[in-house]
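Here the structure comes first, spelled out in structure tokens, and everything after it is commentary.
The values are calculated or read from the model by the stated rules, or taken from the named source; none is laboratory data. These numbers come from a predicted model, not from an experiment. No Cβ is skipped: glycine too gets one built from the backbone with ideal geometry, and neighbour counts run over all protein chains shown. Accessible surface areas use protein heavy atoms only, side chains included; no ligands, DNA or RNA. Shrake-Rupley method; radii C 1.70, N 1.55, O 1.52, S 1.80 Å.
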Amino acid sequence: GGYRAQLYVRGVRDSKVFHTRREATQWAATREIEIRTKADTPESIYTLGEAMRKFGEEVAPTHKGENWELTRLKAFERTLPITAKIGQITAKDLTEWRDKRLACVSPATVLREFKLLNSIFEHARRDWRWIAANPAKDVRKPASPDHRDRIITGVEVRKVLRATRWARGPSKSITHSMANCFLFALCTGMRSGELTALTWSQVNEKHISLATSKTGRGRDVPLSKSARRIIDMQRGF
């Protein structure tokens, strides 16, 4: 029924059907010249992998979750077409990636990964001007998991203390300190990152002063008598 001319030049695919072979050949030659003489754009120069490396070097270090983001960026190399030009990545490609990941990991994990991927494309669009549109915007995100309430029971607390051989008095080992940290978290509600970064200069008589937190703002954590006794056991260790 005709002749189809197909070509792939500099990452650009195109095709068209003609009545004669001569018309198809002429169109292909003209179209190839058009593509080759067209000025290169960032969309046809930079790859998805280069965008990920740039994000890891310039953006991730400004985030508290830098280590997690760098680990996830490395893992993306096994699940995403990092050699493809960033302008060639479509919403369909990301939808297929999402569905494959959902078959392997939980929706919560895919949601976290997708947010990171969306951030990479958004920086490439808004800050680096590598792409004109963010393909992740047209992909349906996995549903957020239901919030979980988890209360540690007294029985579980005693099991942890027995396993760590906790005893009252100054800390004498890393295991003892870990148990104190566990009890201190129960008394104050502080997060693990806040506890491990805590310094004595932040400890006051009745409260702990945190310069920053998960929300990005500082806060004061009140100290009960029990919390004060626990933290005093860490002095000198």
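Does Ala108 satisfy being buried (at least 17 other Cβ atoms within 10 Å of the Cβ) and aliphatic (A, V, I, L, M)? Spelling it out, it is not the case that Ala108 is buried (at least 17 other Cβ atoms within 10 Å of the Cβ) and aliphatic (A, V, I, L, M). Hey, any hits in the stretch 72-93 for a residue that's without any contact (Cβ under 8 Å) to a residue 24 or more places away in the chain, under 26 Å from Thr212 (Cα atoms) and surrounded by fewer than 16 Cβ atoms within 10 Å (Cβ to Cβ)? There is no residue in the stretch 72-93 that is without any contact (Cβ under 8 Å) to a residue 24 or more places away in the chain, under 26 Å from Thr212 (Cα atoms) and surrounded by fewer than 16 Cβ atoms within 10 Å (Cβ to Cβ). The condition (being in contact with a Pro (Cβ under 6 Å, 6 or more places away or on another chain) and either open to solvent by 80 Å² or more (accessible area, probe 1.4 Å) or not in a strand (DSSP E or B) (or both)) is satisfied by just one residue among Pro142, Pro170: Pro142.
Within the stretch 20-43, how many residues turn out to be at pLDDT 70 or above and either in a helix (DSSP H, G or I) or within 17 Å of Ile82 (Cβ to Cβ) (or both)? Count: 16. For the stretch 16-33, does any single residue satisfy the condition of being under 24 Å from Trp130 (Cα atoms), open to solvent by less than 40 Å² (accessible area, probe 1.4 Å) and over 14 Å from the mean Cα position of the chain (by Cα)? Checked the stretch 16-33: no residue is under 24 Å from Trp130 (Cα atoms), open to solvent by less than 40 Å² (accessible area, probe 1.4 Å) and over 14 Å from the mean Cα position of the chain (by Cα).
Filter the stretch 193-232 down to the residues that are farther than 22 Å from Arg168 by Cα and assigned to a helix (DSSP H, G or I), then identify the one that is least open to solvent (accessible area, probe 1.4 Å). Filtering first and then ranking leaves Glu194.
Residue-by-condition table, conditions (1) out of contact with any Leu (no Cβ under 8 Å at 6 or more places or on another chain); (2) hydroxyl-bearing (Ser, Thr, Tyr):
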position: Leu70; (1), (2): yes, no
position: Leu73; (1), (2): no, no
position: Arg78; (1), (2): yes, no
position: Lys100; (1), (2): yes, no
position: Ser106; (1), (2): yes, yes
